[in-house]
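Each reported figure results from applying straightforward, stated rules to the coordinates on display, with no laboratory input. All figures in this text were calculated on a predicted structure; none of them were measured in a lab. Glycine also receives a Cβ, built like all others from the backbone with ideal geometry; neighbour counts cover every protein chain displayed.
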Ligand code: GAR
């Protein structure tokens with residue numbers, strides 16, 4: 001799921017192509033008609049579907065439709081790669097502990113929006129990015145992987161964001177593999193006990 005440029009989507013697709021991540025992307029859902037992710041998906045031959053939140057009556061209605069699409073495509077994991085909408089219990093219940101998000105800060109610091117700017121304004125010397133399981137409270141679920149990014153004295157929001165994104169592209173495929181393998185072994189333990 002993506003709302004914008006889709007650089008993380010493309011990094012995940014590249015990790016799959018190179019064999020680093022054993023997965024397949026069945027469907028990209030995006031909510032903004034102008035999102036560049038649609039062009040990236042077309043170039044890579046991956047199905048992408050616009051689900052414009054403005055055409056739904058409620059967050060639940062959007063999430064019901066998203067869950068139905070993913071079920072139709074037999075999706076096991078949902079990856080929120082720059083999805084800028086709050087999700088509801090409807091989507092969480094359809095995919096329990098199967099939704100990952102990437103966030104441009106070292107959570108629990110600087111949740112919400114403008115996280116790169118928040119870190120710059122706070123004067124911290126290190127920020128970064130986090131991949132975490134999605135829960136109802138925004139940017140709150142268990143953390144799977146993080147990368148630290150030092151803040152340089154002459155950093156702007158743009159320069160810092162660019163360095164954070166470089167780290168996002170490295171950790172996101174690794175975090176997906178880690179979360180999937182941990183979930184698989186937890187499930188195997190449950191079955192054998
Ligand atoms: C990423 O930097 C991601 O951390 C951020 O949106 C960007 C999407 O970039 N996500 C959030 O802020 C979520 N709260 P991309 O479209 O190029 O992958």
Final fewest-first order of 3, 18, 159, 192 on the 10 Å Cβ neighbour count is 192, 18, 159, 3
Using alpha-carbon coordinates, inclination of helix 157-192 to the longest axis of the chain, degrees
40
If you average the alpha carbon positions of the stretch 17-50 and of the stretch 97-171, how far apart do those two centres end up, in angstrom?
22
Residue separation between residue 20 and residue 167 times 0.36 nm, minus their alpha-carbon distance, gives in nm 51.3 nm
Label-point separation in nm, residue 76 to residue 125, each point 7 Å along Cα→Cβ:
4.3
If you rank 78, 25 by fewest surrounding Cβ atoms within 10 Å, what's the result?
25, 78
Test of understanding: extend the Cα→C-beta vector of residue 157 to 7 Å, then name every residue of the stretch 109-145 with backbone N under 12 Å from that spot.
113-121
Kindly put 132, 73 in sequence by how many other C-beta atoms sit within 10 Å of each C-beta, fewest to most.
73, 132
Can you pull the one-decimal nm distance between simple spin-label points at residue 61 and residue 135, each 7 Å off the Cα toward Cβ?
3.0
Report for the chain the percent antiparallel among DSSP-assigned beta bridges with both residues inside it, nearest 5.
60
Could you tell me which of rounded, prolate or oblate describes the stretch 1-117, using a ≥ b ≥ c as the square roots of the eigenvalues of the alpha-carbon gyration tensor, with rounded for a/c under 1.5 and, failing that, prolate when a/b is larger than b/c and oblate otherwise?
rounded
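How high is the relative contact order of the stretch 19-137, in percent, counting Cα pairs under 8 Å that sit 6 or more residues apart?
20
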Taking only Cα atoms, what is the 0 to 90° angle, nearest 10, from helix 7-17's long axis to the longest principal axis of the chain?
60
Extension gain, residue 193 back to residue 42 (0.36 nm per residue minus Cα-Cα distance, nm)
49.8 nm
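What is the stretch 51-193 by shape, rounded, prolate or oblate, if you read a ≥ b ≥ c off the alpha carbon gyration tensor as root eigenvalues and call it rounded for a/c under 1.5, prolate for a/b larger than b/c, and oblate otherwise?
Oblate shape, in that a/c is at least 1.5 and b/c is the bigger or equal ratio.
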